[in-house]
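Notes to accompany the following structure.
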Ligand code: ADP
């Protein structure tokens, strides 16, 4: 569904991405890395928001390039900081997102109903967006990003600022959505990915330093024990120091 080949990107002096390559099918993918690792930059390149010149990105056989809009309906993106229309209802926010993502007029009511159900917002559909709690607002953001049922969804730190119960709710939601899509979720919390992510990608300083399943990361941790950290956290620490994958 998503292929990234040898992707590099620089903001003036900062080399944010250095030769990233990955291949992604359906499932939940955790994109882990410290602040500044390049996670957001990678996501923005994948949705065509940053005009990269080095490397290529292909979504369902369609290249992500300026002037080619054919991939856009296949992609959903939730930025780390997003706006909702506070002055109107939850449902109207999602209707607008469906329209903006190109859902056909007669398919909009069904698509909206379905995503409100999945994100557990049906009972709130008439509430003003400004009245939502943090967790519900995050779910509204996810509903707006996914109402057109993209093949590839990129969610930038969707659990930031949420309490543990709300984070668990989002994890459940992602698992449900990943049945027929690729969901890439960035986070710097390893525990956000346990029981959810089929695969973990670790980035550091613009490079992909680990690509494997949660048990692989745990195995890595077993070989690099560190006092005060559990095995998975040790694996993450170790992954940050690995050289870039070929
Ligand atoms: P992450 O999402 O992992 O925190 P980012 O992709 O936001 O990382 O940032 C990667 C690098 O690019 C960092 O060094 C960051 O300072 C730099 N960077 C990000 N956005 C910009 C920008 N708009 N202008 C200049 N540098 C940027």
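The values are calculated or read from the model by the stated rules, or taken from the named source; none is laboratory data. Everything numeric in this text was worked out from a predicted model, so none of it was measured. Cβ sites come from the backbone with ideal geometry, for glycine too, and all protein chains shown count toward neighbours.
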Could you please find all residues in the range 153-202 being modelled with pLDDT of 95 or more and more than 14 Å from the chain's Cα centre (by Cα)?
none
Every listed condition ((1) in contact with a helix residue (DSSP H, G or I) (Cβ under 9 Å, 6 or more places away or on another chain); (2) touching a residue at least 24 places away in the same chain (Cβ under 8 Å)) holds for residue 220 save (2)
Those residues that are buried (at least 17 other Cβ atoms within 10 Å of the Cβ) and either closer than 14 Å to residue 209 by Cα or modelled with pLDDT under 95 (or both), I need them from the range 29-41; list them, please.
30, 31, 32, 33, 37, 38, 39
Consider the range 175-209. How many of its residues are within 16 Å of the ligand (Cβ to nearest atom) and out of contact with any strand residue (DSSP E or B) (no Cβ under 8 Å at 6 or more places or on another chain)?
2
